[in-house]
Structure formats: structure tokens, C-alpha cells
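The values are calculated or read from the model by the stated rules, or taken from the named source; none is laboratory data. Treat the numbers as computed from the prediction; the structure is a model and nothing was measured. Heads up, the Cβs are rebuilt from the backbone with ideal geometry, glycines too, and the neighbour counts pull from every protein chain shown.
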Amino acid sequence: MSALALLDYASVLVFALTGALVASRAQLDLVGFAFIACLTAVGGGTVRDLLLDRHPVFWVGQPTYILIAVAAAVLVFFTAHLVESRYRWLVWLDSFALSISVAAGSGAALALNQPPVVVVLMGMATGCLGGLMRDVVCNEVPLVLKQGELYASCAFVGAVAAVLASGLGLAGLPALGIGALACWVLRAGSLLFGWQLPVYKSRPPRHRP
Amino acid sequence: MSALALLDYASVLVFALTGALVASRAQLDLVGFAFIACLTAVGGGTVRDLLLDRHPVFWVGQPTYILIAVAAAVLVFFTAHLVESRYRWLVWLDSFALSISVAAGSGAALALNQPPVVVVLMGMATGCLGGLMRDVVCNEVPLVLKQGELYASCAFVGAVAAVLASGLGLAGLPALGIGALACWVLRAGSLLFGWQLPVYKSRPPRHRP
Amino acid sequence: MSALALLDYASVLVFALTGALVASRAQLDLVGFAFIACLTAVGGGTVRDLLLDRHPVFWVGQPTYILIAVAAAVLVFFTAHLVESRYRWLVWLDSFALSISVAAGSGAALALNQPPVVVVLMGMATGCLGGLMRDVVCNEVPLVLKQGELYASCAFVGAVAAVLASGLGLAGLPALGIGALACWVLRAGSLLFGWQLPVYKSRPPRHRP
């Protein structure tokens with residue numbers, strides 16, 4: 001199995017778990033769990049494949065991805081009540097899924113010899129958009145927009161790290177692994193130690209008409 | 001006209017009516033009605049065509065679809081005040097649109113000889129995503145996420161029924177009709193008799209940070 | 001540079017400014033600004049290119065677009081506190097972005113010899129969908145759905161004007177410029193003088209189950 005397929009499998013599995021956890025917060029039934037899990041799991045990679053005109057889209061060509069996402073949804077449906085804080089699990093699993101899928105997105109663009117800017121954007125889109133669809137559809141505050149946390153920044157750093165490692169001659173899994181690691185370390189630091197960038201502060205209260 | 005085109009026309013018409021009804025709830029003007037009607041009517045089928053790399057996308061190749069959706073929007077704009085409960089109309093029209101478009105999505109994938117898992121997913125995506133876009137854009141609670149109702153499950157059963165009927169040698173409209181019927185019976189039963197699957201119940205109240 | 005590329009550049013720049021302004025209302029950090037700016041700036045044109053099967057997607061083939069969007073985000077991050085009413089800036093910049101991108105969308109479809117209905121839809125989709133994504137993701141009321149204002153109608157009129165001007169023998173920038181101007185005049189009139197179409201009024205209060 002190629003490095004890229006491996007990352008796609010891992011990302012699908014972990015994102016599906018996060019999708020199912022959000023479904024549990026919305027109190028859906030088993031099919032609803034599977035629906036949200038699949039949307040989350042393949043959303044980012046699907047956008048990547050459409051943008052890069054890679055056909056068949058990864059899960060259309062290899063439906064095993066879908067079976068993995070469904071299995072993850074079933075697992076969460078029957079076990080989520082066992083965990084103490086589903087939100088904590090959600091955030092941490094999402095940090096792994098983000099990191100892996102940033103690497104998968106960057107890798108797909110690198111394999112097509114795209115320029116660095118496109119590689120970085122594909123990494124960010126693949127990493128962020130699945131979770132964003134999950135949160136928008138389920139009406140949660142998107143993790144990518146949470147204040148006081150690094151999220152898109154982690155995806156950015158991870159994708160840039162993958163580009164640099166690849167530019168330095170590393171190939172395949174090592175370069176992508178460095179990208180995933182950089183992304184995850186930054187995200188974990190933000191969650192554990194409150195690392196953040198300065199945010200924009202407006203002076204008066206926001207007035208919405 | 002092929003069975004598939006027939007289903008696409010019917011699905012566009014009925015989904016456009018539901019989109020216009022939601023637009024009436026948001027008190028938009030006539031162009032707003034047409035905009036939401038078109039988004040709802042072609043949303044699911046467009047995603048299906050992009051995923052399967054079917055070009056031109058069905059309504060780009062045959063703009064009559066759009067004219068039908070616009071006509072439906074105009075009809076609703078001038079008549080919606082005549083009906084007693086627009087929400088009830090919305091839900092029931094949506095049940096027909098869901099059933100027809102699940103069949104249309106499954107049929108498109110079957111015609112491309114996709115494996116059963118992909119056929120089922122295309123049926124579900126075509127059926128659920130147009131209405132999901134409508135509800136997300138108009139800030140309604142997505143029907144697919146409503147608690148205590150079967151929705152994604154109906155799409156799943158309809159698509160599986162179409163796959164089975166097709167596998168048993170039925171072709172074209174009969175197989176797809178069985179899928180649509182299975183989907184609709186289940187959805188109608190859920191609306192009329194409260195059929196549902198067990199939903200996930202968390203123990204403590206959901207704490208969102 | 002072709003007329004179409006010029007319009008795409010202008011539209012990306014102005015839409016990116018609006019995205020960054022919405023990011024400032026959500027109090028994101030610099031990377032969040034860039035993320036929302038890019039989503040808004042390329043969202044509509046990306047949908048257009050996917051629907052018309054134009055590959056590479058405009059910003060994948062020419063990443064300068066992304067650098068422009070990022071520069072706009074940086075600019076807004078450091079200067080938005082200087083303006084009195086960010087919402088007013090947002091609405092007016094959005095009116096320019098809408099007009100330019102309606103012309104860009106229509107032009108792309110005209111260049112592919114699409115029929116008039118498709119040209120109009122591509123103009124409307126390119127103009128409206130970037131801002132719609134911005135507003136849905138950031139949980140703002142979508143401008144396209146604001147009551148008592150013309151928005152989708154302006155996109156419609158602009159795209160129709162571009163089709164007519166092109167049908168009358170004007171080519172390239174002049175025809176598209178007429179479309180952009182028609183769209184903008186209507187939008188500005190709506191903002192300044194309250195021009196609007198009759199909206200649908202239901203009789204009883206909306207009852208949502």
C-alpha cells in the first residue's frame with residue numbers, strides 16, 4: 001500500500017470517529033452516526049480530489065474507506081457512553097485526524113508535482129474541510145473558528161513542513177510524517193498549554209444589523 | 001427519455017417546491033425563491049455528477065431542469081399562502097423528492113457499473129445533500145438530523161433495494177422504482193406512525209465548552 | 001492578461017477583503033483571517049470551474065490568486081480597527097465583489113459557448129456562492145438571504161445584461177463590464193434607496209416544530 005493510501009485510511013478512520021462523536025452529541029440513530037461519520041471522514045479528501053481532478057475520487061475507487069468509516073460509527077454508537085468526556089475525546093481525536101489528513105492532502109498534491117502554494121492549500125483544505133462540514137451540518141461551533149486555539153495555523157505549519165521536508169529530498173512517508181508531526185505538536189501545544197496567536201480585537205461591541 | 005432523466009426531472013421539480021417553501025418561511029423575494037429552489041433541486045445531483053466525473057453536469061447539459069425549478073419557485077411564491085400548513089407540505093413533498101432522487105442517484109451509479117457500496121452512497125448523497133444544503137443555507141434544522149425520524153435510513157434502504165432489484169435482473173425504471181418505493185414507505189411510516197431506530201442517549205447533559 | 005483573468009483577480013482581491021472583515025467580526029487570528037479570506041475569494045469561482053469541468057481550477061493553475069487573498073487578509077488584520085463601521089465596509093466591498101464575480105462567472109461560461117441559461121447560472125453561482133460560504137461558515141446571516149435587499153436579483157440582472165451585451169456583438173471586457181455595472185447599480189440602489197422586490201408574507205407566525 002502506498003504511503004498516501006495509508007494516510008488516507010488512517011485519516012478516514014479517525015475523522016469518522018470524530019464525526020460519530022458529534023453525532024452522539026446530536027443524539028442521532030445508527031444510520032445518522034454513519035452518515036455524519038462518512039461526511040466527516042471523506043469530506044476533505046473529496047474536495048482535494050475534485051480540485052486536483054483526481055478521478056476516481058479516492059473512496060469511489062476504493063469503497064473500503066466507506067466500510068471503515070461505517071465501522072467506526074458503529075463502534076462509537078455502542079461505546080461512547082463509556083467515556084467520561086466525549087468532547088475531550090472529540091477534540092483530541094480531531095487533532096490526530098487533522099494532522100494525518102494535512103499530510104495526506106499535501107502528499108496528494110506533491111505526487112502531482114503541484115507548486116508549493118498549491119501543496120500547502122491542498123494540505124489545509126484536506127485537513128480542515130471534513131471537520132468543517134461536520135461542524136456546520138451539526139451546528140457546532142467549527143473547531144477551525146474556535147477563539148484562543150491554533151487550528152488552521154497547525155494545518156498551515158504541517159503542510160509547509162511537508163513541503164520543506166520533501167524539498168530537502170525526503171520522499172513519501174518520512175516527509176509526510178514530519179508534516180503530520182509538526183501539525184500535531186502545534187495543535188497539542190495549543191490544547192495543553194494555550195499556545196495561540198494574537199487575535200483581532202475590535203474596540204466597540206460588534207453591531208450586527 | 002431515459003428512466004434516469006425522468007427521475008431527475010421529477011426530483012428537480014419536487015425538490016424545487018420544497019426549496020421554495022423554505023424560502024417562503026424565510027420571507028424572501030421571487031428571485032430568492034428561485035435561488036433556493038435551484039440550489040435544493042440540483043444540489044444533490046450535482047454532487048453526484050462531480051463525484052462520478054459525469055460531465056456535463058446534468059443541468060449544465062440540459063438547462064430545462066433549471067427552468068422547471070424556476071417555474072416551481074414562481075408557483076409556490078404565488079400560491080403558498082393558500083395552504084394551511086406549509087411545514088407539513090414541506091415535509092411530505094420532501095419525502096417524495098428524497099425517494100425519487102435516491103433512485104436517480106443509485107441509477108446513475110448503476111449505469112456506470114459502480115460497485116454496490118458506491119451505488120448506495122450515490123443514492124444517499126443525491127437524496128440527502130440537496131435538502132441538506134437548503135436547510136443549512138436557510139438555517140433550518142436539517143431534516144436529515146431531526147431526532148425521532150427516519151431519514152438517512154430511508155435513503156439507505158431505498159438505495160439498497162435498488163441495488164438488490166438490479167442485481168436480481170430488473171433493469172432501469174422497475175428496479176429504481178422499487179428503490180424509490182421502499183424509501184418512501186419507510187419515510188411515510190416514520191412520519192405517520194413514528195417509526196424510528198433507537199437513538200444514542202448520553203447520560204449527563206451535554207456540556208459544550 | 002485576458003479580460004477574464006483580470007476580473008478573476010479583481011474579484012479575488014475584493015472578496016478576500018470581505019472575508020477578512022467577517023473574520024475580524026469573529027475575532028480570529030491572522031491565519032484564520034487568511035483561511036476565511038481564501039475561502040470567500042475562490043469559493044464561487046471554484047464551484048464554477050468544477051461545474052464547467054475547467055481544469056486546472058483557476059487558482060490551482062495560477063497560485064498568485066491565493067497570494068493576493070492572503071495579502072488582503074494581512075492588510076485587513078492590521079488596519080480594520082481604523083475604520084468606523086466594519087459592517088458598512090463589508091457590505092459595500094461585497095457589492096463590488098459580487099458585481100465583478102458575476103461578470104467573471106458569466107464570461108467563463110460564455111467563453112465555453114454555453115447556452116444563455118447556463119451562462120446566467122454560472123454568473124449567479126460565481127457571484128453568490130463565495131460570500132454564501134463565508135457567511136455560513138462564520139454563522140452570519142447570509143447577505144443573499146437578507147430581507148428587504150436585492151442580492152440574488154442583482155446577480156441575475158448582471159448576468160442577463162452580460163448575455164445580452166454579448167449577444168449584441170460586444171466581446172470580452174465591454175460586455176462583461178456592462179454586466180458588472182448593471183449588477184452593481186442595482187445593488188447600490190438597494191443599499192442606498194431601499195429598492196426591493198415584494199417579499200413573500202405569510203399570514204400567521206411561522207410555526208416550527
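What's the number of the condition residue B:80 fails, among (1) within 14 Å of chain A (Cβ to nearest Cβ); (2) in a helix (DSSP H, G or I)?
Result: residue B:80 fails condition (1) only.
Being away from chain C (no Cβ under 14 Å), out of contact with any Asp or Glu (no Cβ under 6 Å at 6 or more places or on another chain), over 24 Å from residue C:32 (Cβ atoms) and aliphatic (A, V, I, L, M) is the requirement here; does residue A:97 meet it? Show your work before the answer.
Values: away from chain C (no Cβ under 14 Å): yes; out of contact with any Asp or Glu (no Cβ under 6 Å at 6 or more places or on another chain): yes; over 24 Å from residue C:32 (Cβ atoms): no; aliphatic (A, V, I, L, M): yes.
For residue A:97, the condition - away from chain C (no Cβ under 14 Å), out of contact with any Asp or Glu (no Cβ under 6 Å at 6 or more places or on another chain), over 24 Å from residue C:32 (Cβ atoms) and aliphatic (A, V, I, L, M) - is not met.
Looking at (1) within 25 Å of residue B:158 (Cβ to Cβ); (2) at the interface with chain B (Cβ under 8 Å from one of its Cβ atoms), which one does residue A:87 not meet, given that it meets all the others?
With respect to (1) within 25 Å of residue B:158 (Cβ to Cβ); (2) at the interface with chain B (Cβ under 8 Å from one of its Cβ atoms), residue A:87 is out only on (1).
Mind telling me which of the residues A:162, A:108, A:180, A:103 ends up being at pLDDT below 95, in a helix (DSSP H, G or I) and more than 22 Å from residue C:136 (Cβ to Cβ)?
Details: A:162 fails: at pLDDT below 95; A:180 fails: at pLDDT below 95; A:103 fails: at pLDDT below 95.
One residue alone meets the criteria, A:108.
Give the residue that is surrounded by the most Cβ atoms within 10 Å (Cβ to Cβ), with candidates limited to residues of the stretch B:136-153 that are at the interface with another protein chain (Cβ under 9 Å from one of its Cβ atoms) and in a helix (DSSP H, G or I).
Looking at the filtered set, the residue picked out is B:152.
Tell me, yes or no, whether the stretch B:53-65 has at least one residue that is touching a helix residue (DSSP H, G or I) at 6+ places or on another chain (Cβ under 6 Å), closer than 17 Å to residue B:9 by Cβ and aliphatic (A, V, I, L, M).
Initially, the stretch B:53-65 is screened for residues touching a helix residue (DSSP H, G or I) at 6+ places or on another chain (Cβ under 6 Å), giving B:57-60, B:63, B:65.
With the extra rule that they be closer than 17 Å to residue B:9 by Cβ, the set shrinks to B:57-60, B:63, B:65.
From the residues that got through so far, the ones that are aliphatic (A, V, I, L, M) too are B:57, B:60.
Yes, the stretch B:53-65 contains a residue that is touching a helix residue (DSSP H, G or I) at 6+ places or on another chain (Cβ under 6 Å), closer than 17 Å to residue B:9 by Cβ and aliphatic (A, V, I, L, M).
Of all residues in the stretch C:19-32, which are without any contact (Cβ under 8 Å) to a residue 12 or more places away in the chain and either under 21 Å from residue C:105 (Cβ atoms) or in a helix (DSSP H, G or I) (or both)?
C:31, C:32
Do we find a residue being in contact with a Cys (Cβ under 8 Å, 6 or more places away or on another chain), away from chain C (no Cβ under 13 Å) and under 22 Å from residue B:50 (Cα atoms) anywhere in the stretch A:51-60? Give the derivation first.
Going residue by residue through the stretch A:51-60, those that are in contact with a Cys (Cβ under 8 Å, 6 or more places away or on another chain) are none.
The answer is no, given that none of the residues of the stretch A:51-60 is in contact with a Cys (Cβ under 8 Å, 6 or more places away or on another chain), away from chain C (no Cβ under 13 Å) and under 22 Å from residue B:50 (Cα atoms).
Being touching a Cys at 6+ places or on another chain (Cβ under 6 Å) and either modelled with pLDDT of 95 or more or buried (at least 21 other Cβ atoms within 10 Å of the Cβ) (or both) is the requirement here; does residue C:42 meet it?
Details: touching a Cys at 6+ places or on another chain (Cβ under 6 Å): no; either modelled with pLDDT of 95 or more or buried (at least 21 other Cβ atoms within 10 Å of the Cβ) (or both): yes.
Answer is no for this residue.
Going by the structure shown, is residue A:73 at the interface with another protein chain (Cβ under 10 Å from one of its Cβ atoms), aliphatic (A, V, I, L, M) and surrounded by 24 or more Cβ atoms within 10 Å (Cβ to Cβ)? Write out each step before concluding.
Values: at the interface with another protein chain (Cβ under 10 Å from one of its Cβ atoms): no; aliphatic (A, V, I, L, M): yes; surrounded by 24 or more Cβ atoms within 10 Å (Cβ to Cβ): yes.
So residue A:73 does not fit the description; no.
Out of curiosity, is residue A:34 at the interface with chain B (Cβ under 8 Å from one of its Cβ atoms), aliphatic (A, V, I, L, M), in contact with a Ser or Thr (Cβ under 8 Å, 6 or more places away or on another chain) and farther than 27 Å from residue A:177 by Cβ?
Details: at the interface with chain B (Cβ under 8 Å from one of its Cβ atoms): yes; aliphatic (A, V, I, L, M): yes; in contact with a Ser or Thr (Cβ under 8 Å, 6 or more places away or on another chain): no; farther than 27 Å from residue A:177 by Cβ: yes.
Against the criterion (at the interface with chain B (Cβ under 8 Å from one of its Cβ atoms), aliphatic (A, V, I, L, M), in contact with a Ser or Thr (Cβ under 8 Å, 6 or more places away or on another chain) and farther than 27 Å from residue A:177 by Cβ), residue A:34 does not qualify.
Give the residues of the stretch B:154-184 that are within 26 Å of residue B:23 (Cβ to Cβ) and either within 14 Å of chain A (Cβ to nearest Cβ) or of a type in the set (S, T, N, Q) (or both), sorted by residue number. Reasoning before the result, please.
At the first step, the residues of the stretch B:154-184 found to be within 26 Å of residue B:23 (Cβ to Cβ) are B:154-155, B:180, B:183-184.
Answer for the stretch B:154-184, where residues must be within 26 Å of residue B:23 (Cβ to Cβ) and either within 14 Å of chain A (Cβ to nearest Cβ) or of a type in the set (S, T, N, Q) (or both): B:154, B:155, B:183.
Between a residue in the stretch C:101-127 that is without any contact (Cβ under 8 Å) to a residue 40 or more places away in the chain and any residue that is among the β-branched types (Val, Ile, Thr), which pairs come within a Cβ distance under 9 Å, given they are 6 or more apart or on different chains?
C:117/B:64; C:117/B:66; C:118/B:60; C:118/B:66; C:121/B:60; C:121/B:66; C:124/C:102
In the stretch A:111-122, how many residues are more than 8 Å from chain C (Cβ to nearest Cβ) and in a helix (DSSP H, G or I)? Step through it out loud before you land on a result.
So the first thing to find is which residues in the stretch A:111-122 are more than 8 Å from chain C (Cβ to nearest Cβ), and the list is A:111-113, A:116, A:119-120, A:122.
Subsequent filtering for residues that are in a helix (DSSP H, G or I) retains A:111, A:116, A:119-120, A:122.
Looking only at that region, the number is 5.
Are there any pairs with C-beta distances below 7 angstrom linking a residue in the stretch C:62-81 that is within 14 Å of residue C:22 (Cα to Cα) to a residue that is charged (D, E, K, R) and outside any helix (DSSP H, G or I), with the two at least 6 apart or on different chains, and if so which?
Qualifying pairs under 7 Å: C:81/A:203.
Have a look at A:130, A:123 and point out the one that is in contact with a Phe, Trp or Tyr (Cβ under 7 Å, 6 or more places away or on another chain), under 22 Å from residue A:190 (Cβ atoms) and surrounded by 24 or more Cβ atoms within 10 Å (Cβ to Cβ).
Details: A:123 fails: in contact with a Phe, Trp or Tyr (Cβ under 7 Å, 6 or more places away or on another chain).
Just a single option satisfies the conditions, and that option is A:130.
Kindly indicate whether residue C:16 is under 12 Å from residue C:131 (Cβ atoms), without any contact (Cβ under 8 Å) to a residue 60 or more places away in the chain and crowded, with 22+ Cβ neighbours inside 10 Å. I'd like the intermediate steps shown before the answer.
Details: under 12 Å from residue C:131 (Cβ atoms): yes; without any contact (Cβ under 8 Å) to a residue 60 or more places away in the chain: yes; crowded, with 22+ Cβ neighbours inside 10 Å: yes.
Criteria met by residue C:16.
Does residue B:95 meet the test of being over 22 Å from residue C:51 (Cβ atoms), polar (S, T, N, Q), surrounded by fewer than 24 Cβ atoms within 10 Å (Cβ to Cβ) and under 14 Å from the mean Cα position of the chain (by Cα)? Break it down stepwise before answering.
Numbers: over 22 Å from residue C:51 (Cβ atoms): yes; polar (S, T, N, Q): yes; surrounded by fewer than 24 Cβ atoms within 10 Å (Cβ to Cβ): yes; under 14 Å from the mean Cα position of the chain (by Cα): yes.
Spelling it out, residue B:95 is indeed over 22 Å from residue C:51 (Cβ atoms), polar (S, T, N, Q), surrounded by fewer than 24 Cβ atoms within 10 Å (Cβ to Cβ) and under 14 Å from the mean Cα position of the chain (by Cα).
Of a type outside the set (Phe, Trp, Tyr) and closer than 30 Å to residue B:57 by Cα - does that describe any residue in the stretch C:73-87? Working first, answer last.
Within the stretch C:73-87, the first condition is being of a type outside the set (Phe, Trp, Tyr), and the residues that meet it are C:73-76, C:79-86.
From the residues that got through so far, the ones that are closer than 30 Å to residue B:57 by Cα too are none.
The answer is no; no qualifying residue exists.
For the stretch B:160-194, what are the residues that are under 20 Å from residue B:93 (Cβ atoms) and among the hydrophobic types (A, V, I, L, M, F, W, C)?
Residues satisfying the conditions are B:176, B:180, B:181, B:182, B:183, B:184, B:185, B:186, B:188, B:191, B:192, B:193.
In this structure, does residue B:47 turn out to be assigned to a helix (DSSP H, G or I), surrounded by fewer than 24 Cβ atoms within 10 Å (Cβ to Cβ) and within 14 Å of chain A (Cβ to nearest Cβ)?
Working: assigned to a helix (DSSP H, G or I): yes; surrounded by fewer than 24 Cβ atoms within 10 Å (Cβ to Cβ): yes; within 14 Å of chain A (Cβ to nearest Cβ): yes.
Spelling it out, residue B:47 is indeed assigned to a helix (DSSP H, G or I), surrounded by fewer than 24 Cβ atoms within 10 Å (Cβ to Cβ) and within 14 Å of chain A (Cβ to nearest Cβ).
For the stretch B:61-70, name all the residues that are surrounded by fewer than 22 Cβ atoms within 10 Å (Cβ to Cβ) and more than 10 Å from every other protein chain (Cβ to nearest Cβ).
Step one: filter the stretch B:61-70 for residues surrounded by fewer than 22 Cβ atoms within 10 Å (Cβ to Cβ), giving B:61-64, B:67-68, B:70.
Answer for the stretch B:61-70, where residues must be surrounded by fewer than 22 Cβ atoms within 10 Å (Cβ to Cβ) and more than 10 Å from every other protein chain (Cβ to nearest Cβ): just B:68.
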